[in-house]
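Since the structure comes first, as structure tokens, the remarks are kept for the end.
Please treat every number below as a calculation from the coordinates, not as lab data. Not measured: the values here are computed from a predicted model. Neighbour counts are summed over all protein chains in view; Cβ atoms, including those assigned to glycine, are modelled from backbone coordinates with ideal geometry.
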Amino acid sequence: MPPANQTVNVGSDVTLHCVATTDELERHKLKISWLLNGEKIEFGSRTNVAQYDPDKSLKISEAQIDNTGTYTCNASTELDWDAVTVKVTVRGMTFTWETDKIPPWTKRPPDKMSPGQNAPGQNAPCWVL
């Protein structure tokens, strides 16, 4: 049975398993690789994506929107190969207030709103980041 597509919220951990079997004599030649949207994942270049031994599962720690995509596990030996694909969708938005990137014409929203600061019928303050 192929793995199910996964939809998670920003900040969740995701583990994708790649189950591959082969003949006993070929087991030491079994190679597992992972692709994201058709491109080989170079582990270490994506700080929150890692591959774990011995099962070669792929773990996304604290998933972000850019982790959304189609993940493919390729299993191969010198004699044969197979691949399985699963879609991962990361929902939600994250905002970081980076003071060095704020245009000079904006100001930081208050951490707390005072009671009555927004009386019914008044427009709420709005900030564009």
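Rounded to the nearest 0.05, what FRET efficiency is calculated for Arg91 and Asn37 with R0 set to 22 Å and r the Cβ-Cβ distance?
Given R0 = 22 Å and the Cβ-Cβ separation, E is 0.80.
Using Cβ contacts closer than 10 Å as the measure, can you line up Leu35, Leu79, Leu58 from fewest to most?
Ascending number of Cβ neighbours within 10 Å: Leu79, Leu35, Leu58.
Please list, in chain and number order, the residues 5+ apart from Cys18 or on another chain whose amide H is under 5 Å from its amide H, with Hs placed from the backbone.
Answer set, sorted by chain and number: Ser57, Leu58.
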